[in-house]
Amino acid sequence: APSTIFLITMSQKEEAATHKWKQQHVKVGVGALIFRKDPDSNDVKVLLGKRKGSHGAGKYALPGGHLELGESINQCASREVKEETGLNIDSKEWNFAFMSNDVMVTDLKHYITIFVVHWFDDTLEPKQEVKNMEPQKCEKWDWCLFKDLKEGKKIKPEQFFVPMRNLLFNSNYEPVAEKDGNSSRLAYMGV
């Protein structure tokens with residue numbers, strides 16, 4: 001199914017206009033959806049952490065961060081994942097997943113978040129293990145059932161960082177394995 005881009009509603013725009021923003025321009029964030037199949041059940045799991053020490057503290061989110069000047073989306077995803085989890089994922093291994101318009105009125109910030117996806121295979125050599133490389137920014141990383149997140153089981157929608165909440169509850173996004181041929185390679189788009 002094609003991904004959908006959501007625009008802010010008029011009420012959001014009116015509410016946003018009443019605030020003094022912490023930034024002058026919309027910023028670009030990159031969210032790294034790292035999926036793997038559960039070896040026992042074959043269910044899809046996604047790597048999820050709980051933020052701390054910055055905007056969105058206490059909310060559940062994916063690895064990711066700001067796109068730096070001159071950096072491709074693929075490079076940003078690989079860099080952020082390495083910095084946060086210790087996983088080495090080649091920038092050529094990311095596929096476009098979804099894009100969201102994230103007006104964070106509580107934090108007085110506005111981002112466009114580009115989500116990219118990688119299917120993690122922990123049977124490959126050399127073996128890689130997820131580590132919490134930035135404990136000052138993340139409580140821990142866990143593999144969570146994607147369908148449970150999407151259904152709001154165990155974690156309520158308001159407990160997610162705004163971009164992740166938009167992906168889960170304001171879109172029809174579902175994980176699609178690259179081999180199924182329904183995902184777009186970012187390299188093809190020149191990013």
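Each reported figure results from applying straightforward, stated rules to the coordinates on display, with no laboratory input. A quick note: this is a predicted structure, and the numbers were derived from the prediction, not measured. Quick reminder, even Gly has a Cβ in these numbers, built from the backbone with ideal geometry, and neighbours come from all protein chains shown.
Past 19 Å, Cα to Cα: identify those pairs from LYS50/LYS156; LYS45/LYS154; LYS52/LYS147; LYS82/LYS127, in the order given.
Working: LYS50/LYS156 13 Å; LYS45/LYS154 14 Å; LYS52/LYS147 25 Å; LYS82/LYS127 15 Å.
Flagged as over cut-off: LYS52/LYS147.
Let's test the formula: R0 of 45 Å, r as the Cβ-Cβ distance of ASP40 and GLU68. What FRET efficiency results, to the nearest 0.05?
Values: r = 39 Å, r/R0 = 0.87.
Once the sixth-power term is evaluated, E becomes 0.70.
Over all directions, how big on average is the projection of the convex hull of the alpha-carbon atoms in region 9-137, in square nanometres? Show your work: numbers first, answer last.
Working: hull surface 37.8 nm².
The orientation-averaged projected area of the Cα hull of region 9-137 comes to 9.5 nm².
Students often forget the sequence filter, so: which aspartates and glutamates lie under 14 Å Cα-Cα from LYS137 once same-chain residues fewer than 8 apart are removed?
GLU80, GLU83, GLU84
Highest mean first, what order results for 106-117, 124-135 on Cβ atoms within 10 Å? Write down the numbers at each step before the final one.
Details: 106-117: 20.0, 124-135: 11.5.
The packing order, highest mean first, is 106-117, 124-135.
Within region 62-93, list the GluC sites (Glu not before Pro) lying in a DSSP loop whose Cβ has at most 13 other Cβ atoms in a 10 Å radius. Mind dumping the intermediate values first?
Numbers: sites: GLU68, GLU71, GLU80, GLU83, GLU84, GLU93; in loops: GLU68, GLU71.
The qualifying sites are GLU68.
Please report, for the Cα atoms of region 65-112, the Rg to one decimal and the Dmax as a whole number; what are they, in angstrom?
Cα radius of gyration and Dmax of region 65-112 are 12.6, 35 Å respectively.
Whole number please: convex hull volume per residue of the Cα set in region 102-184, in Å³?
On the way: hull volume 12.1 nm³, N = 83.
Taking the convex hull of the Cα positions in region 102-184, it is 146 Å³ per residue.
If packing is taken as the average number of other Cβ atoms within 10 Å across a peptide's residues, how do 169-175, 153-159 rank, most packed first? Walk me through the intermediate numbers first.
Values: 169-175: 15.3, 153-159: 11.7.
Going from most to least packed, we get 169-175, 153-159.
Let me know the Kirkwood hydrodynamic radius for region 134-180, please, with Cα pairs as the basis and the value in Å to one decimal. Could you put the intermediate results ahead of the total?
Values: mean 1/r = 0.0816 Å⁻¹.
Kirkwood radius, region 134-180: 12.3 Å.
Excluding LYS50 itself, what net charge comes from residues whose Cβ is under 15 Å from its Cβ, given Lys and Arg +1 and Asp and Glu -1? Mind showing how you got there, number by number?
Numbers: positive: ARG51, LYS52, LYS59, LYS137, LYS140, LYS154, LYS156, ARG165; negative: GLU84, GLU134, GLU139, ASP142, GLU158.
Within the 15 Å Cβ shell, the charges total +3.
Treat each spin label as a single point 7 Å out from the Cα along the C-beta direction, and report the HIS25 to ASN132 distance in nm.
Those two pseudo-labels are separated by 3.5 nm.
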